[in-house]
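The next block holds one structure in the form of structure tokens; read it before the comments.
The values are calculated or read from the model by the stated rules, or taken from the named source; none is laboratory data. Note that this is a predicted model, so its numbers are computed, not measured. Methodologically, a virtual Cβ is constructed for each residue, glycine included, from the backbone with ideal geometry; neighbour enumeration extends over all protein chains shown. Only protein heavy atoms, including side chains, enter the accessible area calculation; ligands, DNA and RNA are left aside. Shrake-Rupley method; radii C 1.70, N 1.55, O 1.52, S 1.80 Å.
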Protein chains: 2
Amino acid sequence: MNNRDDIVEKLKSSGVTPTTQRVEIAQILFARPQHLSAEQILEMANEGSSTASKATVYNTLGLFAKKGLVKEVIVDPSKVFYDSNVSRHFHFFNTDTGMLTDIPVDAINFDKLPELPEGTESSSLEVIVRIKNS
Amino acid sequence: MNNRDDIVEKLKSSGVTPTTQRVEIAQILFARPQHLSAEQILEMANEGSSTASKATVYNTLGLFAKKGLVKEVIVDPSKVFYDSNVSRHFHFFNTDTGMLTDIPVDAINFDKLPELPEGTESSSLEVIVRIKNS
DNA sequence: TATAGCGTTAGACAAAGTCTAGGAATGCAG
DNA sequence: CTGCATTCCTAGACTTTGTCTAACGCTATA
């Protein structure tokens, strides 16, 4: 998933027109499963050959999230993380270091889940285990 | 828990000196189980008899959270909610309305939880069910 | 009455994110 | 190819939440 053609294909098949900037950002995100902030992505994008403005980075991340290419992870009040792993999983968030790490799906099991309020549907189930150094 | 003396006692027994502003803010929070943002609390505090500055509201909420009087809930990237219910429970977050509601503990059951990373301890386990209007 | 220490304050500041207005690229019709 | 519409990108202004700073007030104790 680090090769440009695969990325272009991936974008297209999600209904995203693969512009230079979008492909650049997608390459950063999909290089490996990771958690990046918008700031980090902006910085990384501008180290590479092409560049992208702040507005474009935010627009693109919003678009990717809407299309399901990326998952927004809200654990730190000061910034949102973009997770390139969209398969079902959960998170540890270390409040001492600010580090976000994955918990595999099969490490948690629910045997009971709540009924949703009338007139609503679920869009995601998040589990965050906040940890600190001991 | 809406009576001033009870609140003063509650603060004292958590090691918080009960100043005018802190009692005012505590009264707002503990009037009933609810989820309020700092902005809302600031506004409500300044409708009442005494007043509190922005800095004091933020300081006080941070102090209350540290002392376990209140729980920070991070679900909306734009603001943190302060939850006056500190007993174990989980949350629905409606992304259409921005409304945060409780899920009682017994509506969710885990039969498997992950091991923590080496050298860390858990500080909280959060479950957030994101919902939208259907 | 002096002093120390904590709490509060206004307002400046910081950082993440949004908005706007215009320009560049792309694609399509004729 | 030319003209036109549409989509995308951009710089920079702006907004909002939250933090910081420096001065001031309050209370308690000696």
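Go through the residues of region A:111-134 one by one and say whether even a single one is within 16 Å of DNA strand D (Cβ to nearest atom), exposed (fewer than 14 other Cβ atoms within 10 Å of the Cβ) and either at the interface with another protein chain (Cβ under 8 Å from one of its Cβ atoms) or not hydroxyl-bearing (Ser, Thr, Tyr) (or both). No, region A:111-134 contains no residue that is within 16 Å of DNA strand D (Cβ to nearest atom), exposed (fewer than 14 other Cβ atoms within 10 Å of the Cβ) and either at the interface with another protein chain (Cβ under 8 Å from one of its Cβ atoms) or not hydroxyl-bearing (Ser, Thr, Tyr) (or both).
Against the test of being open to solvent by 30 Å² or more (accessible area, probe 1.4 Å) and within 12 Å of DNA strand C (Cβ to nearest atom), the options A:Glu72, A:Glu9 yield a single qualifying residue, A:Glu72. Pairs linking a residue in region B:43-68 that is part of a loop (DSSP other than H, G, I, E, B) to a residue that is open to solvent by less than 30 Å² (accessible area, probe 1.4 Å) and not hydroxyl-bearing (Ser, Thr, Tyr), with Cβ atoms under 7 Å and 6 or more positions apart or on different chains, are B:Gly48/B:Glu24; B:Ser50/B:Glu24; B:Thr51/B:Ala45; B:Ala52/B:Glu24; B:Ala52/B:Ile25; B:Ala52/B:Ala45; B:Lys67/B:Val16. The number of residues in region A:69-94 that are assigned to a loop (DSSP other than H, G, I, E, B) and within 14 Å of chain B (Cβ to nearest Cβ) comes to 3. Look at region B:111-125: where a residue is of a type in the set (Lys, Arg) and a partner is surrounded by 13 or more Cβ atoms within 10 Å (Cβ to Cβ), sitting 6+ places away or on another chain with Cβ atoms under 9 Å, you get B:Lys112/A:Ala107; B:Lys112/A:Ile108; B:Lys112/A:Phe110. Taken together, the residues in region B:103-134 that are in a loop (DSSP other than H, G, I, E, B) and farther than 14 Å from A:Lys132 by Cβ amount to 5. Per the conditions (1) within 16 Å of DNA strand C (Cβ to nearest atom); (2) of a type in the set (Val, Ile, Thr); (3) open to solvent by less than 10 Å² (accessible area, probe 1.4 Å), the sole criterion not satisfied by B:Ile108 is (1). Being surrounded by 17 or more Cβ atoms within 10 Å (Cβ to Cβ), over 19 Å from B:Ile103 (Cα atoms) and not assigned by TED's automatic domain parsing to the domain that holds A:Phe30 is a property that holds for A:Ile103. Picking from residues in region A:43-65 that are among the charged types (D, E, K, R) and within 12 Å of DNA strand C (Cβ to nearest atom), the one that is surrounded by the most Cβ atoms within 10 Å (Cβ to Cβ) is A:Glu43.
What about B:Glu39, is it of a type outside the set (S, T, N, Q), within 13 Å of DNA strand D (Cβ to nearest atom) and open to solvent by 60 Å² or more (accessible area, probe 1.4 Å)? Lay out the reasoning, then the answer.
Numbers: of a type outside the set (S, T, N, Q): yes; within 13 Å of DNA strand D (Cβ to nearest atom): yes; open to solvent by 60 Å² or more (accessible area, probe 1.4 Å): yes.
So B:Glu39 fits the description; yes.
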